[in-house]
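What follows is calculated from the coordinates using simple rules that are stated; it is not laboratory data. Model, not experiment: these values are computed from the prediction. Virtual Cβ from ideal backbone geometry, glycine too; neighbours counted across all protein chains shown.
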Protein chains: 2
Amino acid sequence: MAKIKYLLFGVCFVGSIALNIFFVTNNLFAGYENKQLSWSQKAAAEAEAVAAVSCSGHGRAYLDGLLVDGKPVCECNTCYEGPHCSQFLPDCAANADSGDPLFLEPFWMQHAESSALLVAGWHRMSYVFADQTSMSLELQKHILKVHSIARNAITKGKYLVFGVGSTQLLSAAVFALSLNSSSPARVVAASPYYPVYKTQTDFFETVHFEFQGDALLMKNTSDYVRNVIEFVTSPNNPDGNLRKAVLQGLSVNAIYDHAYYWPHFSAIPAPADEDIMIFTISKLTGHAGSRFGWALVKDKDVYLNMQNYISLADISISRDTQLRALQLLKAVLKGDGREIFHFAYEKMRDRWEKISQTISLSKRFTIQDIPPQYCNFFEKVRGPSPAYIWLKCEREEDTNCKAVLLSANIIGRSGSLFNAEDRYVRLSLLKSDDDYNSLLYRLKELISKEGRADTL
Amino acid sequence: MAKIKYLLFGVCFVGSIALNIFFVTNNLFAGYENKQLSWSQKAAAEAEAVAAVSCSGHGRAYLDGLLVDGKPVCECNTCYEGPHCSQFLPDCAANADSGDPLFLEPFWMQHAESSALLVAGWHRMSYVFADQTSMSLELQKHILKVHSIARNAITKGKYLVFGVGSTQLLSAAVFALSLNSSSPARVVAASPYYPVYKTQTDFFETVHFEFQGDALLMKNTSDYVRNVIEFVTSPNNPDGNLRKAVLQGLSVNAIYDHAYYWPHFSAIPAPADEDIMIFTISKLTGHAGSRFGWALVKDKDVYLNMQNYISLADISISRDTQLRALQLLKAVLKGDGREIFHFAYEKMRDRWEKISQTISLSKRFTIQDIPPQYCNFFEKVRGPSPAYIWLKCEREEDTNCKAVLLSANIIGRSGSLFNAEDRYVRLSLLKSDDDYNSLLYRLKELISKEGRADTL
């Protein structure tokens, strides 16, 4: 009897000790990871609670989202609604209008830990860093490293300028190149071109520059002895083709908008080595909302003038944005730093292939041709994976292609915005999985009807 | 013997069970606070580790700071050096040049928990919020609430525009007010005025506006029948006095720069109710580096034009910056939301009193007079607490007051920058405790020598 009691006690005792060992080990381990958290705990827990709100994969709750009963609620993707974004709206239009790069959102969901960032209340309150500059040196280093991995730009011998997205840098470059111009510099771009070149240059027009439209027209007239500034978008928005400046000569300065010159969207035949090259985090990591871009500038005076522009427009670029960009690039550069390029390329290629196969069944619509090309990043010949479909309505009567698509519940962007015919429409491939799936579905539907109409 | 063994086992067993209970309770409790942390843990721990780097209260390590052996190191305040910023540099100049609002940094150190922010990698990647706008509604609500507590502005019936600091909004307002002007609008400000009005307006000059200097000169000539835009800084930078527009009339539009119209820096005689009022987080919470400002605009067309300016210049304001601003305002609004105003006012008043007492001992220098005034926030008459000392060198030969101060190891900003005589210098009271202490020390030193020189 005593032995049984001994045994019983023994078992309980050993069990209890084992449990203690478990707890001690567990707490030690937890201590390693959790112990130090004090003031940051609440912010971290709040962010995780918001991230945990279930929106059925068709929406997202945000820390700064609208509150219901004090809690952030789901913000649903287009075509979904309900408290958990679980209700599909069957009549909803496929919106392929904007270049919103949400196709990369899943990448960041998969890299939650490495991309998370905790900002302290006293972080970088000053106008300047300790060295009296206003551009983070760490961020500069990370940008250069990303270029060296993507092999898309020669950064050596170039100056870096940060801007509020690439948008601001386009204007800063025009100002910088025309500052000392006695007669107004004429700003041009080859059609079809990104509309902002015109709208921005018109709006901010000074006595030093003015927008003059199509570079191709100017080339034909050979009338460019005076100061000319040519915007060159390569790969081009809307059509995804690689480009070089149309105009050449001593009086011509080119601003290379390389927003899309990443393995995501294009073969990289060689690292770009232009005098002014503009990039944006929007099309690299997908963070359009962060409004962060940079320019690589060869000439010191142009660089200083661009810095001066930023300084007079804004004083400098938000430290919060710079810190976020740094954290995102740190996450990009983890391991061999190539993962995001593979992820983005495969996704964009898959989208292009499915959409182009669908459209190849049509007689009514055609899309741009992008030849396969050797890629410096993948070290092989690769096919297209552009950011946009540049779709043409081929039927004579379909002069308003946007309206044709709209009647099939597809929202695109009119060709005339790009200084092309309205027979063209730009369709974005950059958006969320939901938007892309919707676009593919609506296009298939439209083209299948075309087939049936033909057999009638 | 058996009983003793029982007892021994019993004690151990009870002890072990007690320990188990402790661990279970502890883990449950920890679970409540810590349990859910997974992907955010590392970022939070990193931020706390950086915050824990010891810089002797004379510097700070930052998440995006320079690294030594992979770890962020101290960035020391002016006049301190060494790995822990513990070495004072006795010959170092007191730098009172810039309006860097670091006097508020201790407030944020004290409110570490409520101001901490964890940003997820996928936070707000889109160009737009769910409602297709680009200004956070939550942030808008919080801005209006801060105004209602500070009682410094009538927000009802006004539109809000966000900008990259107030700096960008100054330019946006000039563009918006002159867009439809057939002859160039003439932009003026009463001397002494903030230099950016001139430098920015000159740099971005279009056919629609031009800078024309001193509003007082224009008033005297009565030559303002044509479109005029007057910048009114109230309280004024550099001298801290409350101001109204100098020019009146149908053809005059005023842009009220209310950067300093907070209980920190001035009595608030009544809530401001101007057509265009510009504010900045820089002078409210001290986050100059965040580059975030807002305008309250009465006229819908002016508001739409300012929005259009922002949209063409930058597309929109960084979501990271908007999120940070929101978190800071949330922290400001905790409790009754009045704490930051008391903290800032007391600190600025104390600085003003010590410096003005010191200068009152001098025959060589005088400073501006700011009359006590009834304050709508404190609901009583209160004395001055301005952001800057506007110092005058009274000796006839001291025409370059900046040089006089520099010879005493004090760095100020020349009067001529503010379109005043160089007999004036602006000295910043906004900077860190170290900078302020240094300024006070150097001024005392300079003025005590003056006394000795007089008795010689």
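Figures for the structure shown
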item: Gain on full stretching of the segment that runs from A:ALA49 to A:SER148 - 0.36 nm per residue minus C-alpha separation; result: 31.9 nm
item: Relative packing of A:277-284, B:52-59, which averages over residues the other C-beta atoms within 10 Å, highest first; result: A:277-284, B:52-59
item: Amide proton proximity set for B:TYR159, modelled H, under 5 Å, gap of 5+; result: B:VAL297, B:LYS298
item: Which of B:SER251, B:HIS111, B:PRO90, positive extreme of dipole for chain B (C-beta unit charges); result: B:HIS111
item: Nearest-0.05 FRET efficiency for A:LYS444 and B:ASP273, computed from C-beta distance (R0 60 Å); result: 0.55
item: Rh (Kirkwood; distinct C-alpha pairs) - the protein assembly as shown, Å; result: 30.5
item: Furthest towards positive pole of dipole, B:THR199, B:LEU137, B:PHE175, structure part region B:133-199, Cβ charges; result: B:LEU137
item: Copies compared at A:SER311 - label distances in nm, ascending, label defined 7 Å from Cα in the Cβ direction; result: 3.2
item: Histogram of C-alpha separations across chain B, 10 Å bin width, %; result: 4, 17, 25, 24, 15, 7, 3, 2, 2, 1, 0, 0
item: Gyration tensor (alpha-carbon) shape descriptor, region A:306-408, a/c threshold 1.5; result: oblate
item: Helical mean residue ellipticity (222 nm; -39500 (n - 2.57) per DSSP H run of 4+; nearest 500) of chain A; result: -12500 deg cm²/dmol
item: Trypsin sites (Lys or Arg not before Pro) restricted to region A:341-420 and DSSP loop, no more than 15 other C-beta within 10 Å; result: A:LYS363, A:ARG395
item: Charge dipole magnitude, Cβ of K and R +1, D and E -1 - the protein assembly as shown, Cα centre, debye nearest 20; result: 1980
item: Proximal charge balance of A:ALA245 [Cβ under 9 Å; K/R count +1, D/E count -1]; result: 0
item: Nearest-first distances (nm) between copies at B:SER54, label 7 Å from Cα via Cβ; result: 5.0
item: Dimensions in Å of region B:339-455 - Rg and Dmax from alpha carbons; result: 15.0, 47
item: Inter-label distance, nm, simple model (7 Å from Cα along the C-beta direction), A:ASP131/A:ASP369; result: 5.0
item: Per-pair calculated FRET efficiency, R0 = 22 Å: A:PHE378 and A:ASN220 via Cβ, rounded to 0.05; result: 0.05
item: Cross-link pairs beyond the 18 Å C-alpha cut-off, checked among A:LYS158/A:LYS244; A:LYS330/B:LYS330; A:LYS283/A:LYS380; A:LYS283/A:LYS431; B:LYS354/B:LYS444; result: A:LYS158/A:LYS244; A:LYS330/B:LYS330; A:LYS283/A:LYS380
item: Test item: B:126-135 mean partner chain Cβ contacts at 10 Å; result: 5
item: Cβ-based exposure ranking for A:LEU333, B:LEU391, in which fewest neighbours within 10 Å come first; result: A:LEU333, B:LEU391
item: Size of electric dipole in region A:41-92: Cβ of Lys, Arg +1 and of Asp, Glu -1, about Cα centre, debye, nearest 20; result: 140
item: Per DSSP, loop trypsin sites (Lys or Arg not before Pro) in region A:153-187 with at most 16 further Cβ within 10 Å; result: A:LYS156
item: For chain A, size of Cβ-based charge dipole, Lys and Arg +1, Asp and Glu -1, in debye; result: 1240
item: Hits among aspartates and glutamates - C-alpha to C-alpha of A:LYS363 under 17 Å, sequence gap 8 or more where chains match; result: A:GLU394, A:GLU396, A:GLU397, A:ASP398, A:GLU445, A:GLU450, A:ASP454
item: Candidate lysines - alpha carbon under 18 Å from B:LYS334, same-chain residues fewer than 8 apart omitted; result: A:LYS42, A:LYS71, B:LYS141, B:LYS145
item: Pseudo-label separations to other copies for B:LYS363 - Cα-to-Cβ vector, 7 Å, nm; result: 10.4
item: Loop-resident sites, region A:344-395, for GluC sites (Glu not before Pro), counting at most 10 other Cβ within 10 Å (DSSP); result: A:GLU379
item: Two-site FRET efficiency, A:ASP69 against B:LEU304, from Cβ-Cβ distance with R₀ of 30 Å, rounded to 0.05; result: 0.30
item: Proxy reagent accessibility, fewest Cβ within 10 Å first, across A:LEU118, A:LEU67, B:LEU312; result: A:LEU67, B:LEU312, A:LEU118
item: Under the span-like rule (Cα at least 18 Å along the axis, Kyte-Doolittle mean at least -1.0), DSSP H helices of chain A; result: A:2-34, A:137-150, A:165-178, A:300-314, A:319-333, A:339-360
item: Principal axis dimensions, largest first and in whole angstrom, of region B:41-92 by Cα; result: 44, 19, 13
item: Whole-Hz couplings from phi, Karplus 6.51/-1.76/1.60, listed for region B:276-283; x for Gly and Pro; result: 10, 10, 10, 10, 9, 5, 3, 9
